[in-house]
Number of protein chains: 2
Amino acid sequence: MAFTETCLSVTQKMFKQKKTCRKLYSIQHLLAKRNRSTVSQNEPEKCLKPDIDITLCKSSKLNDNFTSILKSGAQINFGTIFTDHMIKIYYDKHSGGWQKPYITPLEHLSLHPAAKVLHYATEVFEGMKAYRSVHGQMNMFRPELNLQRLNASAKRVGLPEIDQDILLKCIERLVSIDNEWLPVSAPFSLYIRPNLIGTEGVLGVANADTALLYVIMCTVGPYFSSKFKSVKLMANPNFTRAWPGGCGDFKLGANYAATLYPQELASKLGCHQMLWLFGEDRQITEMGAMNVFIYYKNNNGENVLSTPPLNGMILPGITRRSILELTREWNEFHVEEKTFTMDELIEMNRNNQILEFFAAGTAAVISPVSSILYEGKDIVLPTMEQTTPLYQRLYDAITDIQYGRVPHEWCRIVDERPHLYDSRNYKYAN
Amino acid sequence: MAFTETCLSVTQKMFKQKKTCRKLYSIQHLLAKRNRSTVSQNEPEKCLKPDIDITLCKSSKLNDNFTSILKSGAQINFGTIFTDHMIKIYYDKHSGGWQKPYITPLEHLSLHPAAKVLHYATEVFEGMKAYRSVHGQMNMFRPELNLQRLNASAKRVGLPEIDQDILLKCIERLVSIDNEWLPVSAPFSLYIRPNLIGTEGVLGVANADTALLYVIMCTVGPYFSSKFKSVKLMANPNFTRAWPGGCGDFKLGANYAATLYPQELASKLGCHQMLWLFGEDRQITEMGAMNVFIYYKNNNGENVLSTPPLNGMILPGITRRSILELTREWNEFHVEEKTFTMDELIEMNRNNQILEFFAAGTAAVISPVSSILYEGKDIVLPTMEQTTPLYQRLYDAITDIQYGRVPHEWCRIVDERPHLYDSRNYKYAN
């Protein structure tokens, strides 16, 4: 009865708006709301329900203004638009370890001021995405790799590892519940942020006996408003991101803290990102928070795609791995994992051997680089001058899988219910 | 009226207890409570009142059980017994920067789940202490150096710097308000933890536009229950704490995260702490979270005190600096800042040139080292075999200043009101 009343009330409002797509959307919204209040009913097969305690919010923050923004194709500031719900799983070493998973409305965390995460950076995170496929389903891209890495990172900072299958089911359920926050397909996506923090309120420098794993999600737009924009890097050997015996090959909050100040210096010099160097020979390691790739012509005139090897200082990126696997499968050029120094890059660029320089990561997928500020001079790279660039082909290949344009085993269908929204109305204006 | 009633009620309880010292303590407690409710009244000169908004808790968590623990001389687990109040100062870049300081009851923090501190380790802290002098006053030891370092650390992770004088006045006020949590003199102290965190709830890797500086305090006991206990170290070149171009010379949470896992490995091998090495020549850098000192006899038979130089990988410790300044003033042996490698240490130890190996820091003051597990073998050091060891002399010299046994410019009197507690009853049993 209450549901019908709400339905009527909203339908009246809808008629005032006189917009079909919005109407369809609102109906879908209502249907979803009904689904929410009947979580124990049968759901499509892919909506697996692990033993999750679900409390849904009374009213969604989702509004027409948001959908208008998506429709307009406007840039959304990354990581600012959060969906309605979050996952929380508490850990207590002395009470049986991991507790029951919760899905709750997004809310502030209440932490003891001595919580270890706030003092000793006892924190690890992951960055993954859900995509609205061109067929209307919700997809994820190789999420099991992210959760494997999450556990590896957790171990490195003395945090407890978690059952990956259960966590993945929780994430799928969260994506399914908040799927309305992604009414459209490419180039929008739901950015998913699992975060694991040590919560024990004791000041000693030691492993945390209590922890919290939580997952929040943001609707995010494309990194590039229309076509690719290249970035300019600053390479400053005075700052190092990672080092042998450190933890640069894990996704720890601690790896990012030290990058903030150099990043600000780079911005002041008109550069978009840091190019991280290591050692006296100034090895190229990463760019910002992404893996780097150099596509070049070797001395035999053969094309080679190169990226730094996983030598303990490089984050094992999922996009990095996917690029290596794809290109090795293509078998059209050499693919190598090799360390490049700045001197080698400069020399090969001078000899016109460098074809492209780009970075890869979950957030932007691919980010082409046009120049590097190094020792007061700009190294100008020909990345954007290629007629059929490799970076574009890789971007297309990966996003084709993510958005379901090409079937592939890397694509995991999270929720098979097609969205009623007319995605053509919200197609991103290229 | 209400105050008088409380006064009577508590006085009746006191008579039941029939313990003079407890009675005196309770009276002091009540006096303090009255002072709390009249913060606008005149206070002793040293209790400077910056423009702080003070809200005192309704009832102290302090109880007889706690004082019994102190009286018994039992070990207190470090960082577990928090005082009643905390300082909070919020920062908002777009609203005039630093806001008015607050002193409030100790309470949980409410943080957005995307708060930068939880993801990118946007956090810096300090460790400092207040001491109940033998004359009953509350002292601090060179606190201005800690606050200088706090600002240097803040800058390194893109957090805002704060007015050191105002912060110091706030801390002095907090120590004064919660001074009852330290009814006794040596070897107990109030450990003071200023912590600065980025609170902006946006997932982008960037400087935080909002931040919170807060200060909490713990009553802490001595690191060593009776006389000095030496520690055993593990030196494992597979783990590195800091590196050139990194941030090991700042007090960032990020520097501690990566130490937790190796520390656990060390514990499993029966070692108390990690000895941090750097580079292919295995330079000795730090121990646990403390600076290291080697006292040795050089080839000319002269005694030398040596500590690694501030080369960007060493935390500029306040105790380290104080030891260097004291010993240079004594002018009784050579004092140098020099890098020692493991090979050099082993060779000099074999030649009986090593006299003592110890570490220094705020929490333990001095921690002597008896052996180092390295490449599967124990390097046994003669630190504990000296008849008049330097580490003991240094410990005495520093704690004499901290506890007001010897007047010194490094000692800052925070609150001149002598405590009514009979500290002799709570004198730590040596």
So, with points 7 Å from each Cα along the Cβ direction, the residue A:229-residue B:300 label distance in nm works out to 6.4 nm
Just how far, in whole angstrom, is segment B:81-143 from segment B:269-323 if you go by their alpha carbon centroids?
-> 30 Å
Which of the residues in segment A:237-258 show a loss of at least 50 Å² in accessible area from their chain by itself to the complete set of protein chains, at a probe of 1.4 Å?
-> A:240, A:243, A:245, A:257, A:258
Counting only heavy atoms of protein chains, what accessible area per residue, in Å², does segment B:152-308 have with a probe of 1.4 Å?
-> 28 Å²
Report, as an integer, the average count of C-beta atoms from other chains found within 10 Å of each Cβ along A:263-270.
-> 1
Taking the Cα-to-Cβ direction at residue A:413 and at residue A:346 and moving 7 Å from each Cα, how far apart do the two end points lie in nm?
-> 5.4 nm
Over segment B:321-383, relative contact order from alpha-carbon pairs under 8 Å, at least 6 apart, % | 22 percent
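In peptide A:197-205, how many Cβ atoms from other protein chains are near each Cβ within 10 Å, on average?
Working: counts 4, 2, 0, 0, 5, 6, 14, 5, 10.
Other-chain Cβ atoms within 10 Å of each residue's Cβ, averaged: 5.
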If you take the beta carbon distance between residue A:163 and residue B:144 as r and set R0 to 41 Å, what does 1/(1 + (r/R0)^6) give as a FRET efficiency, to the nearest 0.05?
-> 0.25
Proximal aspartates and glutamates to residue B:58, defined as alpha-carbon separation beneath 14 angstrom and excluding residues fewer than eight positions away on the same chain | B:84, B:107, B:178
7 Å along Cα→Cβ, label-point gaps from residue B:237 to other copies, nm, shortest first = 2.4
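Roughly how much accessible area, to the nearest 100 Å², goes out of reach of solvent when B and A pair up, both sides summed, probe 1.4 Å? Let's see the in-between values first.
On the way: alone 19940 and 20000 Å², together 35140 Å².
Using a 1.4 Å probe on protein heavy atoms, the buried area is about 4800 Å².
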If you add up the charges near residue B:61, with Lys and Arg at +1 and Asp and Glu at -1, over every other residue whose beta carbon is less than 13 angstrom from its beta carbon, what do you get?
-> -4
Rounded to one decimal in nm, the spacing of the 7 Å Cα→Cβ label points at residue A:59 and residue B:55 is 2.8 nm
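The values are calculated or read from the model by the stated rules, or taken from the named source; none is laboratory data. Just so it is clear, the structure is predicted and the values come from calculations on it, not from any experiment. Neighbour counts run over all protein chains shown; Cβ positions are idealised from the backbone, glycine included. When the accessible area is computed, the model is the full protein with side chains, heavy atoms only, and any ligands, DNA or RNA have been set aside. Shrake-Rupley method; radii C 1.70, N 1.55, O 1.52, S 1.80 Å.
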